[in-house]
Amino acid sequence: MTNIVEWGKLTWLEAEQAVKMMPACILPFGAIEAHGPHLTLDTDNGIVEEKCRRICEATGIIKMPLMPFGVVFSLYGYPGSLTISHDTMCILIKELISSLREKGFKIIFVHSHHGGNSGMVKQAVRESSVEYPDMKLVILSELSALRKAQDEYCTSPHEDPTRAHADELETSQALECCPERVFMDRAVTDYPEFPLDFSCSPYRWIEFSKYGVMGDACAGTKEKGEAFLKAELTPMIEKVKYVLANNLNGYK
C-alpha cells in the first residue's frame, strides 16, 4: 500500500502544507457495539478505517482520524456496547465540518460503516451544506452495490435483505479489513425469530437474539471480504474522483 496522508500523524507545519496541496478529506465514523461472540466491540472501527485508507490511497484525499463512538440502539442491550446521543452525534459532525472548513478544506467526504449513524450523518451534512454553501459535502454509501455482492457471493441465506450484522457479510469484511479483530473459532450461526412488528417498532435485539448475530458467521471468509470491499469501494472511489475533478482545479 502506498503512503497516504493521515491528518492526525502530521505536525502542524505539515498539516498546513497538506491542506494547501489537497483541500479534500474523508471523515471515518464507527461505533463500539456487540458483534457476536467472535468479533470485537470495535469491529466497525477496524472496517471503516481500512475502507477509508483504501479510498485515500486511490484518490489522494486526506484521511481524518476515526471517530470511534457512534449512536447504538439495536445492540445496546448487550454488554460492551456504548452509545452517544443523536444530538451529540449531529453536533459533533457539524462542528468537525466547521473546524475543517476553517483549516482550509473545501471538500469533505463522510463515511460511516455503522448503520446507526446514518440518520445523524445525513442531517448534519444537510444542515452544514446550508450553512456553508461554499463547501462540497459528500456522504459515501454504496449499500445497493454491497447487497448485490451479498446476493452473488454469500453461501448462506440472508436473515434480512436490508440488514447485516456480524453475519457472513460483516465477518468476511472484518477478515479482509481487520483480521486481528476476528476469532473464527467462536463464530456461530444464528437466525433469530423476529417479532412480527420488528420492521415498524423499535427493538433492542437482545430481546429476541442470544448472540446479536443475524445469520451464519461461520461462512465468512477473507476471499468473500475482498469481493465485498471491491464491490463497495469501486463506486465510492469513482464518486470521489468525480467530485474532485468537478470541484478542484487541476485535479485529474
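Read-outs: derived from the displayed coordinates by stated rules, not from any lab. Given the structure is predicted, the values throughout are model-derived calculations rather than measurements. Counting neighbours? That spans all protein chains shown, and the Cβs are built from the backbone with ideal geometry, glycine included.
Taking GluC sites (Glu not before Pro) across region 129-185, none is in a DSSP loop with at most 10 further Cβ atoms lying within 10 angstrom of its Cβ. With 0.36 nm allotted per residue and the present C-alpha distance subtracted, the Glu57-Phe208 stretch has 50.2 nm of extension available.
Arrange the following residues from fewest to most other Cβ atoms within 10 Å of their Cβ: Thr171, Thr155.
Values: Thr171 31, Thr155 10.
Arranged by neighbour count, lowest to highest, Thr171, Thr155 become Thr155, Thr171.
Neighbour counts of C-beta atoms inside 10 Å place Ser156, Ser85, Ser172 in the sequence Ser85, Ser156, Ser172, starting with the fewest.
Both the radius of gyration and Dmax for the chain are 18.4, 58 Å, in that order, over alpha-carbon atoms.
For Cys56, Cys218, the sequence from fewest to most other C-beta atoms within 10 Å is Cys218, Cys56. Counting lysine pairs in region 29-161 whose alpha carbons fall under 26 angstrom apart, excluding pairs fewer than 8 residues apart on the same chain, gives 22.
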